[in-house]
Number of protein chains: 2
Amino acid sequence: MKFCPRCGSAVNLRIPEGDDRERHVCSSCERIHYLNPRLIVGCVPFYRGKVLLCKRAIDPRKNYWTLPAGFMENGETTPQGAARETWEEARARVNNLELYRVFDVPYISQVYMFYRCDLVDGEFGVDPESLETQLYLSDNIPWNEIAFPVVHETLKDIFVDNERGDFPVKVSTIEYKPRRA
Amino acid sequence: MKFCPRCGSAVNLRIPEGDDRERHVCSSCERIHYLNPRLIVGCVPFYRGKVLLCKRAIDPRKNYWTLPAGFMENGETTPQGAARETWEEARARVNNLELYRVFDVPYISQVYMFYRCDLVDGEFGVDPESLETQLYLSDNIPWNEIAFPVVHETLKDIFVDNERGDFPVKVSTIEYKPRRA
């Protein structure tokens with residue numbers, strides 16, 4: 001941030017009075033502009049023991065498989081956002097959403113929330129955001145073509161928990177790992 | 001948002017190509033500026049069956065009681081943020097943090113995450129953000145002086161769950177209710 005979104009003047013990085021860290025402060029109107037982590041909400045849609053995955057049509061990680069998920073929008077709830085993203089990326093309707101996994105990804109200031117849910121009537125399609133969508137059994141998951149660590153971690157657990165019929169909510173942190181060339 | 005934080009030019013509200021809702025788009029550099037919900041993280045600190053509350057020293061809801069909580073900062077995890085806020089508002093160290101309640105508050109585009117935890121050595125203090133901090137038994141909670149619906153809902157459940165020794169994670173939505181004059 002270089003300019004004040006409110007008045008257009010230059011902003012400076014400084015520690016405001018009573019604060020303990022640098023903020024973007026407008027040099028003219030004095031408004032403090034806080035930057036905060038963003039929430040990504042998504043689904044783990046189940047149908048007859050299979051999970052719905054989407055092959056990404058856009059970067060980052062184009063051509064890799066992911067769970068339907070995306071940035072939460074203003075004015076919606078986390079399950080509404082997760083269901084909306086599932087519709088947008090996989091043309092799939094879902095219900096019975098239950099919080100399943102939360103991931104903190106502090107090195108990019110993101111928090112992920114995944115809801116497990118049922119895929120209504122087993123129906124799904126494709127959308128410009130996905131090249132392909134498909135239901136996968138545990139044995140057929142393309143483990144070497146998973147887009148993101150949060151998706152890998154979630155898929156690793158969901159089939160085990162589904163087998164046991166017990167789905168404890170877990171919070172975990174994804175640490176930065178440079179990707180191998 | 002009236003001006004582009006990147007180049008300082010005027011922004012317009014319009015629907016970008018491939019999108020389905022209005023965004024703030026720079027009239028000069030074309031950058032799209034997304035506005036997303038903010039995360040508030042907090043703690044339910046327990047010590048010998050009592051919960052630590054803080055009397056707010058600042059608006060909104062000055063002089064009302066709250067759980068220690070505040071906006072998550074970039075670069076931290078949700079439990080780190082919850083523990084940081086507990087230190088800042090109640091000068092209390094906490095450990096054994098476990099996710100307990102998630103609240104969607106869509107009418108102000110906020111998501112709350114409360115962690116139940118132990119108050120280390122039962123020690124706490126005050127800080128400029130709080131007029132007073134105190135440990136409360138279930139029977140003594142000042143129910144008519146609770147600052148926010150999310151705090152009320154969390155306190156209502158935590159003592160019951162503590163009695164049972166079972167703490168299921170719950171997600172719920174706070175609907176807009178005009179406050180009575």
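Please treat every number below as a calculation from the coordinates, not as lab data. This structure is a prediction, so every number in the text was calculated from the model and none was measured. Cβ coordinates were reconstructed from backbone atoms using ideal geometry, including for glycine residues, and neighbour counts include every protein chain displayed.
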Original post:
Over its Cα atoms, what ratio of radius of gyration to 2.2 N^0.38 Å does region A:1-98 give?
Top reply: 1.57
Original post:
Distances from B:Thr173 to the same residue in each other copy, label points 7 Å out along Cα→Cβ, in nm, shortest first?
Top reply: 3.3
Original post:
Looking at this model, which pairs from B:Lys55/B:Lys156; A:Lys50/A:Lys170; A:Lys2/A:Lys177; B:Lys55/B:Lys177; A:Lys2/B:Lys62 are more than 26 angstrom apart at the alpha-carbon?
Top reply: A:Lys2/A:Lys177; A:Lys2/B:Lys62
Original post:
How long is chain A along each principal axis, judged by its Cα atoms, biggest number first, in Å?
Top reply: 59, 36, 29
Original post:
If you average the sequence gap of Cα pairs under 8 Å that are 6 or more apart and divide by the length of chain A, what percent do you get for the contact order?
Top reply: 21
Original post:
Could you state the number of Å between the C-alpha centres of region A:18-64 and region B:88-165?
Top reply: 26
Original post:
How far is helix A:78-90 tilted off the main Cα axis of chain A, in degrees rounded to 10, range 0 to 90?
Top reply: 60
Original post:
When the helices in chain A are scored as -39500 (n - 2.57) per DSSP H run of 4 or longer and the sum is shared across all residues, what 222 nm value do you end up with, to the nearest 500 deg cm²/dmol?
Top reply: -5000 deg cm²/dmol
Original post:
Summing Lys, Arg as +1 and Asp, Glu as -1, what charge do residues with Cβ under 15 Å from the Cβ of B:Gly122 carry, B:Gly122 excluded?
Top reply: +1
Subject >> Global geometry of the protein assembly as shown, whether rounded, prolate or oblate, following the gyration tensor of its Cα atoms and the 1.5 cut on a/c >> reply: oblate
**OP:** When a/c is below 1.5 the answer is rounded, else prolate if a/b is larger than b/c, else oblate, so apply that to region A:126-181 with a ≥ b ≥ c taken from the square roots of the Cα gyration tensor eigenvalues.
**Re:** oblate
Original post:
Picking from B:Gly125, B:Val171, B:Cys26, whose Cα lies most toward the positive end of the charge dipole for chain B (charges on Cβ: Lys, Arg +1; Asp, Glu -1)?
Top reply: B:Cys26
Subject >> Cα long-axis angle, helix B:149-164 against chain B (0 to 90 degrees, to the nearest 10) >> reply: 40
Original post:
When each pair of different Cα atoms in region A:19-59 is counted once in the 1/r mean, what is the Kirkwood radius in angstroms, to one decimal?
Top reply: 15.2
